[in-house]
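S.K.: Encoded as structure tokens, here's the structure I'll be asking about.
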Amino acid sequence: MILNLSHIHKEFVEDVVIKDATFHLEDREKAALVGNNGAGKSTLFKIIAGIYQADSGDVSIAKDKTLGYLAQHTDLQSDATVFDEVLSIRQHVFDLETGMRALEKEMEHASPDALEDLMNRHARLQETFDKENGYAIKSEVTGVLKGLGFEEREFTLPVRSLSGGEKTRVALCKLLLIKPDLLLLDEPTNHLDIHATTWLETYLLNYPGAVFIISHDRYFMDRIVTKVVDLVKGEAFTYTGNYSDFTVKKKAVWEARIREYEKQQREIKRQEEIIDRFKSYNTEAYYVKAKSREKLLSHMERLEKPTEENDSMKLRLTPNVTPGNDILSIRDLKKGFGSRVLFDKACFEIKRGERIMIIGDNGTGKTTLLKMINGLDTPDAGEIVYGTNVYLGYYDQEHQVLHNEKTVFDEIQDEYPTMNNTQIRNFLAAFLFTGDDVYKLVGDLSGGEKGRVSLAKLMLSDANVLILDEPTNHLDMTSKEILENALNAYEGTIICVSHDRYFINETATRILELYHNSFLNYIGNYDYYMEKKDLFHEQHDGAAAVQEETVSAGSADWKKQKEEQARKRKAENDLKKVEDLIQTLEEKIAELDSKLEDPDIATNSAKLNELLVLRQETSDKLDEQYTIWETMV
């Protein structure tokens, strides 16, 4: 056992965040901490890391074990470059190398008496240096930086100039290279694209220590963890298995608790009926019995009715107007910024009822494409043609459709003035805004709260095509699952950019991958994409290489290329003619064999001889064509 928590309690100004958290982690175990937003997950991590002190309870880490903690947001203020900042965590290894070089210089001029001591000291330093993998440190740093999405041109950027997400990735690089015995990672995939997340999965699966993760990435947890700790109303509940196992088991536990609650409610009702009946007899004896049962009933420990978290927010997205079968057509679309081309000659069509997920590396142009579809940006070339009765609804990750100076209530009322106060309040309650929450300023809301307001406005619109840019960002698990169910039941069309692989897997009917300035089409969900992507990439790269080779040849080789293409076409046509003739001759022989089996012909010697001669001639021609065919293939 590397970590043990016993009855952890923590509150802030009478707000109980963690009431009673008890669980443990084994050496090399991979586990996840889950719970709704505000459940206290990050607070619990900070208690384990020693940043916060628990009000009561104990946290114990195994003797001589090291711990590393990655917070959600890391503000590194270093003047070093990205590469040097990450490399600095291995400075002690470079100091070993410096010591070795100094000893080697001393040995060049040392007396025989001093030489042996110098050699022994050098050997000890060399042994430690080898153990620390000293000769491969720079390669290891390069591998981790690239794995987490940094390009080599970014290695020389000063850390101070990076965005918050990039600084967090630098911190993660350093932590992975330190290799503590216990890793605490709070939302490690928040600033990673799909490829970097996949790399991190593989790294953590092979990590020699224990890993404890807070994450909203359910696909990520499915791949890595074998234990899930669920933080609910300040208490910790432990489940074995990955995230999908956890959801099944949690539902079973909830159903069992509901049965126990209903059973107790039936028993309470039965006892109350008996008490009322005893009292109705109006005798001393039955009065005593009634009082006795009342006393027992008053001492019964009443079970709290379990509430299903999924019941807190319900979405029903139904378009009022049905569009034609053709939603939109992208024709030879091109977009770039300066010399950088995001995509070129992009062509694809979208049909009614499709749920299309657009994926690709960060910065490849996915959000730009959505903005162009919505008319918020213009292409450099090409066109977007919309079908009949198409009404777009846009959900952008910056929530530009919201007004920071308005309250949540006004945000809805101003957009839909025909709704009365009661209708607006009831509607907002479905999106978890109740009581005075509806009078919060939009500018004061968290990212997740803004996301719910944007979804609320989208639901009320007349849109029959939803354009969604990272809709699951900042949503907790429950809200994500509710959104998935709503989109799967939606009768309109969905075009969505997302890096949430679990969400993609649950909702997509088609995936468009933005790969090397082109869109690759996968008819299926994320599992299908993972199965086919290497093949599709190979085919695309091969086709691109042929095209590039053809283009680069230039006008000097144009005539030669045309002659070669003509020769190939003639060879293909000649081969097809031979294969067609072979098929005809084989059919002719089969026909002759059928006639030769006819009893009437078998008794007619003249006719029989004629057919046998014809069959032999046909067979000779077939042998001749096979010989020609063998020289052509």
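Read the figures in this text as sums done on the coordinates, not as results from a lab. The structure presented is a predicted model; accordingly, all values stated were derived computationally and were not measured. Positions of Cβ are backbone-derived with ideal geometry, glycine not excepted, and every protein chain shown enters the neighbour counts.
S.K.: What's the magnitude of the charge dipole for region 440-513 around its Cα centre, counting Lys and Arg as +1 and Asp and Glu as -1 at the beta-carbon? Answer in Debye, nearest 20.
M.R.: Dipole size: approximately 140 debye.
S.K.: Evaluate E = 1/(1 + (r/R0)^6) for Lys570 and Ser60, where r is the Cβ-Cβ distance and R0 equals 60 Å; express this FRET efficiency to the nearest 0.05.
M.R.: 0.15
S.K.: If you don't mind, there's one more thing I want to ask. Once you put a point 7 Å from the Cα of Lys233 and another 7 Å from the Cα of Gln77, both along the Cβ direction, what distance in nm separates them?
M.R.: For Lys233 paired with Gln77, the spin-label model returns 4.3 nm.
S.K.: Using Cα atoms only, what is the angle between the long axis of helix 284-298 and the major principal axis of the chain, expressed in degrees (0 to 90) to the nearest 10?
M.R.: Taking Cα atoms only, the helix is inclined about 60 degrees.
S.K.: Kindly state, as a whole number, the per residue volume in cubic angstrom of the convex hull around the alpha carbon atoms of region 420-503.
M.R.: In region 420-503, the Cα convex hull volume per residue is 108 Å³.
S.K.: What is the set of long-range amide H partners of Asp20 at a cut-off below 5 Å, with H atoms built 1.01 Å from backbone N?
M.R.: Close amide H contacts, sequence-distant or interchain: Glu235, Ala236.
S.K.: Now for a separate question. Counting pairwise Cα distances across region 49-176, what percent come out greater than 19 angstrom?
M.R.: It works out to 63 percent of all Cα pairs.
S.K.: Quick one: 3J(HN,Hα) in Hz for region 232-241, Karplus 6.51/-1.76/1.60 with θ = phi - 60°, rounded, Gly and Pro as x.
M.R.: 10, 6, x, 10, 10, 10, 9, 10, 7, x
S.K.: Another question, if that's okay. Applying 1/(1 + (r/R0)^6) with R0 = 45 Å to the Cβ-Cβ distance of Arg293 and Asn320, what FRET efficiency is obtained, to the nearest 0.05?
M.R.: The computed FRET efficiency comes out at 0.20.
S.K.: Then there's this: Compute the distance in nm between two label points, each set 7 Å from the Cα along the Cα-to-Cβ direction, one at Tyr416 and one at Glu354.
M.R.: Taking the simple label geometry, Tyr416 and Glu354 are separated by 2.9 nm.
S.K.: Can I ask one more? Once the Cα gyration tensor of region 326-545 is found, what semi-axes does its equivalent ellipsoid get, as square roots of 5 times the eigenvalues, in whole Å, sorted largest first?
M.R.: 34, 18, 16
S.K.: D for region 501-543, whole µm²/s, Stokes-Einstein with Kirkwood Rh over alpha-carbon pairs at 37 °C and 0.692 mPa s: what number?
M.R.: For these conditions, the coefficient is 310 µm²/s.
S.K.: I would also like to ask the following. What is the gain in length, in nm to one decimal, between Arg257 and His516 on full extension, counting 0.36 nm per residue of separation less the C-alpha to C-alpha distance?
M.R.: Going from the current span to full extension adds 88.0 nm.
S.K.: Would you calculate a helix-derived [θ] at 222 nm for the chain, using -39,500 (n - 2.57) for each DSSP H run of n ≥ 4 and dividing by the full residue count, to the nearest 500?
M.R.: For the chain, the value works out to -16000 deg cm²/dmol.
S.K.: For region 247-307, state what percent of all Cα-Cα pairs lands in each successive 5 Å bin, counting from 0 Å until the bin that includes the largest distance.
M.R.: That works out to 4, 18, 20, 17, 13, 10, 8, 6, 3, 2, 1, in percent per bin.
S.K.: Another question, if that's okay. Tell me, in nm to one decimal, what length is gained between Lys440 and Asp20 on full extension, where the rule is 0.36 nm per residue of separation less the Cα-Cα distance?
M.R.: 148.1 nm
S.K.: For region 572-586, in order, what is each residue's ³J(HN,Hα) by Karplus, 6.51 cos²θ - 1.76 cosθ + 1.60 with θ = phi - 60°, in whole Hz (x at glycine and Pro)?
M.R.: My calculation for region 572-586 gives 5, 5, 4, 5, 5, 5, 5, 5, 5, 5, 4, 4, 5, 5, 5 Hz in order.
S.K.: What length, rounded to one decimal in nm, is gained on full extension from Asn488 through to Ser139, with 0.36 nm per residue of separation minus their alpha-carbon distance?
M.R.: That works out to 121.1 nm of additional length.
S.K.: Which residues does the label zone of Met119 cover in region 87-113, counting backbone N under 11 Å from a point 7 Å along Cα→Cβ?
M.R.: Output list for this probe position: 112-113.
S.K.: A further question on this structure: What FRET efficiency, computed as 1/(1 + (r/R0)^6) with R0 = 22 Å and r the Cβ-Cβ distance, is obtained for Glu586 and Leu612, rounded to the nearest 0.05?
M.R.: 0.80
S.K.: Separate question: Past 22 Å, Cα to Cα, is the threshold; run Lys10/Lys480; Lys41/Lys250; Lys371/Lys533; Lys174/Lys227; Lys251/Lys450; Lys576/Lys621 against it and keep the listed order.
M.R.: Lys10/Lys480; Lys371/Lys533; Lys174/Lys227; Lys251/Lys450
S.K.: Could you give the dipole magnitude of the chain about its Cα centre, charging the beta-carbon of Lys and Arg +1 and that of Asp and Glu -1, in debye to the nearest 20?
M.R.: About 1980 debye.
S.K.: Report, by chain and number, residues whose modeled amide H sits under 5 Å from the one on Gly336, excluding near sequence neighbours (fewer than 5 apart, same chain).
M.R.: Those qualifying (amide H under 5 Å, at least 5 residues apart or on another chain) are Leu342, Asp380.
S.K.: Viscosity 1.567 mPa s, temperature 4 °C: what is the translational diffusion coefficient of the chain from Stokes-Einstein with a Kirkwood Rh over Cα pairs, rounded to a whole number of µm²/s?
M.R.: 41 µm²/s
S.K.: Another question about this same structure. Can you put Asp222, Asp620 in order of Cβ neighbours within 10 angstrom, beginning with the fewest?
M.R.: The most exposed by this proxy come first: Asp620, Asp222.
S.K.: Next up: If you take all C-alpha pairs in region 341-404, what percent of them are over 15 Å apart?
M.R.: Beyond 15 Å sits 61 percent of the P(r) for region 341-404.
S.K.: Still on this structure: Read phi for every residue in region 421-436 and hand back ³J(HN,Hα) as whole Hz from Karplus 6.51 cos²θ - 1.76 cosθ + 1.60, θ = phi - 60°, with x for Gly and Pro.
M.R.: Coupling constants for region 421-436: 4, 5, 4, 5, 4, 5, 5, 5, 4, 5, 9, 6, 9, 10, x, 6 Hz.
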